[in-house]
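The values are calculated or read from the model by the stated rules, or taken from the named source; none is laboratory data. Quick caveat, the model's predicted, so the values are computed rather than measured. Note that each Cβ is placed from the backbone with ideal geometry, even for glycine, and that neighbours are counted across all protein chains shown.
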Amino acid sequence: MTISVGLNRLQGISRASLFAGVGLLVLAACERSAEVSVEAPSDDAANHAVGAPPHWGYAGEAGPDNWGGLSEDYAACAIGSAQSPIDLTQPGLASDMALSVDYATGPLEIFNNGHTVQINFAPGSAMNNGEKDYALLQLHFHTPSEHTVDQVRFPLEAHFVHRADDGGLGVIGVLFEEGAHNDALNPVLATLPQEVSAPRKIDSVEFNPSSLLPQDLAAYRYSGSLTTPPCSEGVAWRVAANVQPVSRAQLSALRAVLGDNARPVQPLNHRTLTAPN
Ligand SMILES: [Zn+2]
C-alpha cells in the first residue's frame, strides 16, 4: 500500500535490525497512532506484511516538522487546520459543559510502544465530556507536556484516550508540574517498561486511572487531532485546568524512558477554545 520505500522506511528497517528480536515491534509501533493502538501486536505484524507506513519520531528527518511528508496517510499532520496540541490561552467562550468519569479498578496492563509508555484498559471505564459517553481505551504519557498554558510548557502530560460508540475519539489531558511525590504514579513507575515491549498484564498491580486525575475536572475544551501520525482530526479535547504534582525523581524515571516525545503546539486557526468550567 505504501508507495514510498524511501529513506524513512529504510531507517525503520535498520532500527528494527538493531533491536533484533523486538525489531518488529518497533516497526509495529510506527504503523498506527500511538494514541489509538489497542490491538495485539500480531495484527501489526500482519499489517507490516502488506506495507507499513514509515517510521516517525520526534527528531530529525522523521520528526514532527516532516510527519506530513512521510506518508500520504499522514497528510493531515501538514495540511490539517484543526491540529493538536495547542497553546491554551485566551479562551473565546465560557464553558457550559461538565466533564465526568467513572473509571474501574483493574490489573495494570502496560507496554512501551517505542513512542510512549501506554496503559490499556478493559471495557468498563466510562467518561462523559458533556456531549456524549465514551469508553476509556488507554492512557499514555508525554515528556514534556504537549499542551502549553500561556506558552508555559509543563514537564509531563498524561493523555486518557476514549472512544464513543460512533467511533469518535475524546481525550482528557492532564498536566503535571514538578513538586511533591505523586503516589498515583507508583504503579506505573514500578512497572515501567524500559524497552519496546508487548502489552503485559500484571495481575498483582491494581490500578484505577482516576487516581491520576485532579479532583476538580474543570477543563479547557476544543476540537483537535491526534498528536501523533496520522494526526487525524475530529478529536474532542479536554485539558484539565488543575495541574497535578510529580516529583523530580519520578520525572527523571519517566524521561529516561520516554525521551522528548512532545509535538510542538499547532495554530488555533478558526477554532474556539473554551475556558475551564
Ligand atoms: Zn498523547
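What do you reckon, is G168 farther than 22 Å from N261 by Cβ, away from the ligand (no atom under 16 Å from the Cβ) and within 17 Å of the chain's Cα centre (by Cα)? When the stated conditions are applied, G168 passes them. The one condition from (1) in the same structural domain as L213 (by TED's automatic domain parsing); (2) over 25 Å from K201 (Cβ atoms); (3) in contact (Cβ under 8 Å) with a residue 40 or more places away in the chain that A104 does not meet is (2).
Cβ-Cβ contacts under 6 Å between residues 6 or more apart (or on different chains), taken from a first residue in segment 245-263 that is more than 22 Å from S225 (Cβ to Cβ) to a second residue that is among the hydroxyl-bearing types (S, T, Y) and in a loop (DSSP other than H, G, I, E, B), are listed as L254/T143; R255/T143. Restricting to segment 144-165, and then to whatever is in contact (Cβ under 8 Å) with a residue 40 or more places away in the chain and either of a type in the set (A, V, I, L, M) or away from the ligand (no atom under 16 Å from the Cβ) (or both), can you tell me which residue is nearest to F121 (Cα to Cα)? Taking the candidates together, the pick is V161. Please indicate, with yes or no, whether at least one residue in segment 223-240 is part of a loop (DSSP other than H, G, I, E, B), within 16 Å of the ligand (Cβ to nearest atom) and of a type in the set (G, A, S). Yes.
The residues listed here are A135, A98; of these, the one that is without any contact (Cβ under 8 Å) to a residue 40 or more places away in the chain and not charged (D, E, K, R) is A135. Would you call F111 under 20 Å from F207 (Cα atoms), within 14 Å of the ligand (Cβ to nearest atom) and either part of a strand (DSSP E or B) or among the hydroxyl-bearing types (S, T, Y) (or both)? For F111, the condition - under 20 Å from F207 (Cα atoms), within 14 Å of the ligand (Cβ to nearest atom) and either part of a strand (DSSP E or B) or among the hydroxyl-bearing types (S, T, Y) (or both) - is not met. On the stretch given as segment 118-134, residues that are out of contact with any Pro (no Cβ under 6 Å at 6 or more places or on another chain), away from the ligand (no atom under 11 Å from the Cβ) and assigned to a strand (DSSP E or B) total 6.
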